[in-house]
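Chemist: What follows is a single structure, and I will ask about it in a moment.
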Amino acid sequence: MFRTKYLKLLLIVMLVFLPFCDEEAVETIPSNEWLIPKDQIRDGGPGKDGIPSIDNPKFIPIKDAPTLNIDLVIGIKIGSFVRAFPHPILDQHEIVNHTINSTSFALTYCPLTGSGIAWDTSAFSLNKTVGVSGQLYNSNLIPYDRGTDSNWSQMMNMCVNGQLIGQEAKQIHVVETTWGTWKMMYPDSLVLSRDTGFNRNYDVYPYDDYKFSDRLIFPVSNEDNRLSKKARIHGVIVGEETKAYPIGSFSPVITVLNEDFNGLEFVIVGDSLKNFAVSFKRKLSDGTLLEFEPVENELPVIMKDKGGSKWDIFGNAVSGPRVGAKLEPTNSFISYWFAWAAFYPGAEIYSGGLGTGLIHTLSADFLEPIRSDSDLLPYHEIKKKELDRFQISEMLTQKWPEIVTNTEIAPHIVDGQIQGFEIRNRTPLSPLSRLGILDGDIITEVNSIKLKDVYSLFQAFQIVQKKGKFIIGLERNRRLIRLLYTLE
């Protein structure tokens, strides 16, 4: 964690020598000094407030919100107030300033690094809102607070330039998951309205294929190829060490890990199918150390402790002897892997079960390479099929659990890496049968998205709803085939 140590040392030096500077120097230091390398600060293009924050958000009931299918949302719960902020809106505004009761906060989201973090701005003495500076560091958003015009690094959760330099941001716990999962958990919550006061088309993702490719727009200070660049990870920071939990490495059922990392005992709960990961400290204020196990089919309840108390996704005990208690979140957030590796080099990575929870029983044979890709012929056959758009949408959203339950899907391993998923014991009425997929087929890609983990399979099938056509690439009897579908 060289970078973190360097920043702390620099901050200490500034604080030691600042009192000995004359008055004029004291006034200039905050505006000229940065805690991050100046030569690595990039101009994002639109300029200061060129990407407008939403400062007067409107909210509507979930039933009145447009269908978001698999789009992600970021949820916040303060007291009894529950709000959801959809990615399609955040992609084009990046910051929403809002107040619930006496708590003012800025929900910051950087679409380039896939990081959504909420900061408590209640303690800001002047203006409690935050704007988009137009600058980037390691491809990541640099917000500025409108009270002092100080610049903050979102993924460092720290002011890196200006009057408040060195001050850490106070995080508010958020939950990021799919619209479908959120709707299941909080059907009565309010959702950020598209009536933002700006003329924007929120049905259009502004960065083309960025989200689904390894393409970067801006350079970063450190690269780490242990995971794909856009793998979404839940990163936990403990002192000078960090640990990354790829969301795709969790089983497609609620998985609970009671962890002890760098002296911190915490619990992390993830589900690759419902697409979430959250983590909390396991030790209560009275010193009690809790052990947790998963709870299925009771969302937003996700786990229970050994004493029988059940806890929800925001860390609240909602039943049992500890009802009313609240777990303290870890210092953590979700981002793309490439961004985490740039800010926190050398992070330990949770390997998980390689998505093995997707198959009812996984034979050890599946953990060995099935055959070498060098034996395969190039794609030489394309089969075409027309599908009704409504039917495919229903199949890939409402019937995804049916696909998982009634079909065995095993990872196809080549040279120790997942290179697709093999379909087995598919029922004749399975949604996969309607796509023309047979037992023994190894699905390797969908619309050029390589299938490297459980969630990439789910994600790839889901995004085809937004296309007029899509292609599934698969291996069948040692032949590489592309299935071309057109949606009417």
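The values are calculated or read from the model by the stated rules, or taken from the named source; none is laboratory data. Remember, it's a predicted structure, so these values are computed and weren't measured experimentally. Cβ: placed from backbone, ideal geometry, glycine included. Neighbour counts: every protein chain shown.
Chemist: Pairs please, first residue from the stretch 45-73 and at positive phi and surrounded by fewer than 15 Cβ atoms within 10 Å (Cβ to Cβ), second anywhere and among the hydrophobic types (A, V, I, L, M, F, W, C) and in a strand (DSSP E or B), Cβ atoms under 9 Å, 6+ apart in sequence or on different chains.
Modeler: If the second residue must be among the hydrophobic types (A, V, I, L, M, F, W, C) and in a strand (DSSP E or B), the pairs left are Asp49/Val132.
Chemist: Looking at the stretch 249-307 only, could you name the residues that are of a type in the set (S, T, N, Q) and under 30 Å from Ile418 (Cα atoms)? Step through it out loud before you land on a result.
Modeler: We begin by selecting, within the stretch 249-307, every residue of a type in the set (S, T, N, Q); these are 249, 251, 255, 258, 262, 272, 275, 279, 285, 288, 297.
Those that are of a type in the set (S, T, N, Q) and under 30 Å from Ile418 (Cα atoms): Ser249, Ser251, Thr255, Asn258, Asn262, Ser272, Asn275, Ser279, Asn297.
Chemist: Still on this structure: Could you list, in sequence order, the residues of the stretch 151-163 that are crowded, with 23+ Cβ neighbours inside 10 Å and not in a strand (DSSP E or B)?
Modeler: Correct list: Gln154, Met155.
Chemist: Just to be sure before I move on: is Lys452 among the charged types (D, E, K, R), closer than 26 Å to Pro246 by Cβ and modelled with pLDDT under 80 in the structure I sent?
Modeler: yes
Chemist: If you go through the stretch 455-476, how many residues are closer than 13 Å to Ile409 by Cβ and modelled with pLDDT of 80 or more?
Modeler: Result for the stretch 455-476: 1.
Chemist: For the condition in contact (Cβ under 8 Å) with a residue 60 or more places away in the chain, in a loop (DSSP other than H, G, I, E, B) and farther than 29 Å from Lys38 by Cα, what is the one hit in Gly166, Gly197? Steps first, please.
Modeler: Working: Gly166 fails: farther than 29 Å from Lys38 by Cα.
The match here is Gly197.
Chemist: May I pose another question? Any residue in the stretch 242-252 that is assigned to a loop (DSSP other than H, G, I, E, B), of a type in the set (S, T, N, Q) and assigned by TED's automatic domain parsing to the domain that holds Pro300? Can you show your working first?
Modeler: First, the residues of the stretch 242-252 that are assigned to a loop (DSSP other than H, G, I, E, B): 250-252.
Filter once more, keeping what is of a type in the set (S, T, N, Q): 251.
Narrowing the set further to residues that are assigned by TED's automatic domain parsing to the domain that holds Pro300 leaves 251.
Taking every residue of the stretch 242-252 in turn, at least one turns out to be assigned to a loop (DSSP other than H, G, I, E, B), of a type in the set (S, T, N, Q) and assigned by TED's automatic domain parsing to the domain that holds Pro300.
Chemist: Assuming Arg479 fulfils every condition listed in (1) closer than 25 Å to Asn275 by Cβ; (2) at pLDDT 75 or above; (3) surrounded by fewer than 16 Cβ atoms within 10 Å (Cβ to Cβ) apart from one, which condition is it?
Modeler: (1)
Chemist: Report whether or not Tyr207 is in a strand (DSSP E or B), of a type in the set (Phe, Trp, Tyr) and touching a residue at least 12 places away in the same chain (Cβ under 8 Å). Give the derivation first.
Modeler: Working: in a strand (DSSP E or B): no; of a type in the set (Phe, Trp, Tyr): yes; touching a residue at least 12 places away in the same chain (Cβ under 8 Å): yes.
No, not satisfied.
Chemist: Report whether or not Lys38 is touching an Asp or Glu at 6+ places or on another chain (Cβ under 9 Å), at pLDDT 90 or above and of a type in the set (D, E, K, R).
Modeler: On the way: touching an Asp or Glu at 6+ places or on another chain (Cβ under 9 Å): no; at pLDDT 90 or above: yes; of a type in the set (D, E, K, R): yes.
Spelling it out, it is not the case that Lys38 is touching an Asp or Glu at 6+ places or on another chain (Cβ under 9 Å), at pLDDT 90 or above and of a type in the set (D, E, K, R).
Chemist: Scanning for something more than 30 Å from Phe261 (Cβ to Cβ) and of a type in the set (Ser, Thr, Tyr), does the stretch 224-235 turn up at least one residue? Step through it out loud before you land on a result.
Modeler: The initial filter retains those residues of the stretch 224-235 that are more than 30 Å from Phe261 (Cβ to Cβ), namely none.
Scanning the stretch 224-235, I find no residue that is more than 30 Å from Phe261 (Cβ to Cβ) and of a type in the set (Ser, Thr, Tyr), so the answer is no.
Chemist: Oh, and also: For the stretch 83-104, which residues satisfy the criterion of being more than 17 Å from Ala169 (Cα to Cα) and either out of contact with any strand residue (DSSP E or B) (no Cβ under 7 Å at 6 or more places or on another chain) or without any contact (Cβ under 8 Å) to a residue 40 or more places away in the chain (or both)?
Modeler: Residues satisfying the conditions are His87, Pro88, Leu90, Asp91, Gln92, Ile100, Asn101, Ser102.
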